[in-house]
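Inspection log for the structure reproduced underneath, given as structure tokens.
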Amino acid sequence: MSSTATKHVAIIGGGILGVSTAVHLLREGASVTLLTERSLASEATGRSLSWLNSAGERSTPYHQLRLAGVDRYRTLFAADPSREWLQFGGGLMWNAAGQREVTEARHAYETSVGYDSKLVAPDGIAALTPGIDAGAVPENAIFNPGEGWVSLPDLVEFLMEEFHSRGGRLVLNTGKSSVVLDGGRAVGVETEAGETYDADSVLVACGAATPAVVAPLGVEIPNGSPVSMLVVTKPVAHDVRAVMNTPRAAVRPNPGSTFALDHDWYEGRITEHADGTFSIPDDVVQELADEASKLIAGNPELKPASWKIGYKPIPGDGEPVFGELGQVPGCFVAFTHSGATLGLIAGELLAGEILTGNRHPMLATFRPGRFS
Ligand SMILES: Cc1cc2nc3c(=O)[nH]c(=O)nc-3n(C[C@H](O)[C@H](O)[C@H](O)COP(=O)(O)OP(=O)(O)OC[C@H]3O[C@@H](n4cnc5c(N)ncnc54)[C@H](O)[C@@H]3O)c2cc1C
């Protein structure tokens, strides 16, 4: 194997986790080949709400990792606050009518772990964040001032400039690539067409396809990925700065004065076809846009410009899966929900583990070995 300075890493998957890990590896002097099935950001990373947060309740290690994730975005933001694709305008959430106590309990929990959380009545929202139709809020809401959002396709483009300037090798349109083994150890990647790329270590960062890519290695990672849809609207004049999570629509500002919208109530209306494509009735897309319009001051007409459907990567137990496979030395995985929030920190920590072999304590509870 080559020395640390020239260690060669092959990464399968051109989403945010693959791209971020690649750039962090290059910064540490590794040589990197990034291979992906089609184009960059062709799957979840290209259709993500990408709200940067650790709101609500979850395991302490997951909460801490997400806070570190938001911290890395804050560093990036501070370097240039004018970027249209990364903003920290806070987050605003509310529940359906009759759930006042649920919202209060969430706020109390967030406060108990030091997460910045303001419980607010509808008439207090305008003083905290602009552009919201407070009439849409039935009882109370929570404003989390420390949250933000990123447009992942723009972040990938930004990181890829550094990838190329540091000499990374990008291989697009590989089809379904697989991990090559020699004596039980990962030694490279083979594309669907049979081209091989040798490596000292391999990272599988294939989003919802990660369990399928490691299955031939004899590794089982449960997959809980649901189908999802992200709608991007046509440009519309608005003052919204916060990401909104509400009973019928999640809404975030998006570059170009557009909005990104998603939710889960229409999952059952999505059809998966035999060729792997998805469809949804146009009226459901418009219904989501209409729901979002109700949340925005002045209730502007929102016109869907594009909508993308596919799997949202979620491991079977809901927790991230990061690190080397016990059964396959040299093969690492990155498979997680909230991969937008974790994108920078996960790439940083995984790059360190791949290059040094030192396991980072923040990833201790997220090892793939917990399923075996
Ligand atoms: C609708 C939606 C809303 C979301 N909202 C949020 C949010 O608010 N906050 C948050 O933090 N996160 C959110 N997420 C999650 C976040 O977007 C994802 O976790 C993240 O984008 C996943 O990145 P990834 O690199 O793991 O996977 P992906 O972006 O899916 O990339 C995997 C890549 O691997 C490639 N690939 C797969 N198999 C192979 C193979 N065999 N060979 C070669 N290439 C292969 C794919 O083509 C793809 O390009 C959301 C996701 C969705 C879909």
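Things worth noting here:
- Debye, to nearest 20: dipole size of the chain, +1 on Lys, Arg Cβ, -1 on Asp, Glu Cβ: 520
- In plain terms, the bigger the Kirkwood radius, the slower the diffusion; for the range 183-318, with that radius from Cα pairs, at 20 °C and 1.002 mPa s, Stokes-Einstein puts D at 122 µm²/s.
- Principal-axis tilt of helix 60-79 within the chain, Cα atoms, nearest 10 degrees: 80
- Neighbourhood net charge (15 Å Cβ-Cβ; Lys/Arg +1, Asp/Glu -1) for residue 60: -1
- Degrees between helix 152-165 axis and first principal axis of the chain (Cα, 0 to 90, nearest 10): 30
- Length available on full extension from residue 127 to residue 74: 0.36 nm per residue minus the Cα-Cα distance, which gives 16.7 nm.
- With the charge dipole of the chain set up from +1 on Lys and Arg Cβ and -1 on Asp and Glu Cβ about the Cα centre, the Cα lying farthest toward the positive end among the listed residues 62, 13, 91 is that of 62.
- Over the chain, relative contact order from alpha-carbon pairs under 8 Å, at least 6 apart, %: 25
- Percentage, to the nearest whole number, of Cα pairs in the range 25-81 over 14 Å apart: 73
- Across the options 132, 144, 73, the greatest Cα extent toward the positive end of the charge dipole of the range 10-153 (unit charges at beta carbon of Lys, Arg, Asp, Glu) belongs to 73.
- Protection proxy ranking of 63-72, 356-365 - average other beta-carbon atoms within 10 Å, highest first: 63-72, 356-365
- Of every Cα-Cα pair in the chain, the percent that sits beyond 33 Å: 30
- Plainly put, the range 1-147 has a radius of gyration that is 1.09 times its Kirkwood radius, both from alpha-carbon atoms, as the Rg/Rh ratio.
- Under the Debye formula (equal points on every Cα, no solvent term), log10 I(q)/I(0) of the range 241-372 at q = 0.11, 0.12, 0.20 Å⁻¹: -0.59, -0.67, -1.10
- Taken as Cα centroids, the range 73-96 and the range 6-39 sit 26 Å apart, rounded to the nearest whole angstrom.
- Amide H contacts under 5 Å for residue 297: 132, 133, restricted to partners 5 or more places along the chain or on a different chain, H placed in the peptide plane at 1.01 Å from N.
- Residue-averaged [θ]222 nm for the chain, counting only DSSP H segments that reach four residues, each worth -39500 (n - 2.57): -8000 deg cm²/dmol
- Cross-link check: pairs 234/308; 118/234; 176/234 evaluated at a Cα-Cα cut-off of 22 Å; pairs beyond the cut-off: 118/234; 176/234.
- Which of 347, 364, 330, positive extreme of dipole for the range 302-370 (C-beta unit charges): 347
- The range 278-368: relative contact order as a whole-number percent, Cα under 8 Å and 6+ apart: 24
- The label point for residue 39 and the one for residue 279, both projected 7 Å from the Cα toward the Cβ, are 2.3 nm apart.
- Counting Lys and Arg as +1 and Asp and Glu as -1 over every other residue whose Cβ lies under 9 Å from the Cβ of residue 359, the net charge comes to -1.
- Sorting 102-111, 8-17 by their mean Cβ neighbour count within 10 Å, with the most densely packed peptide first, gives 8-17, 102-111.
- Diffusion constant of the range 239-287 at 20 °C, which comes from Stokes-Einstein with the Kirkwood Cα-pair radius and 1.002 mPa s, µm²/s: 170
Bear in mind these aren't lab numbers, they're just calculated from the coordinates by the rules spelled out. Remember, predicted model here, so these are calculated numbers, not experimental data. All Cβ positions, glycine included, derive from the backbone under ideal geometry; neighbour counts span all protein chains shown.
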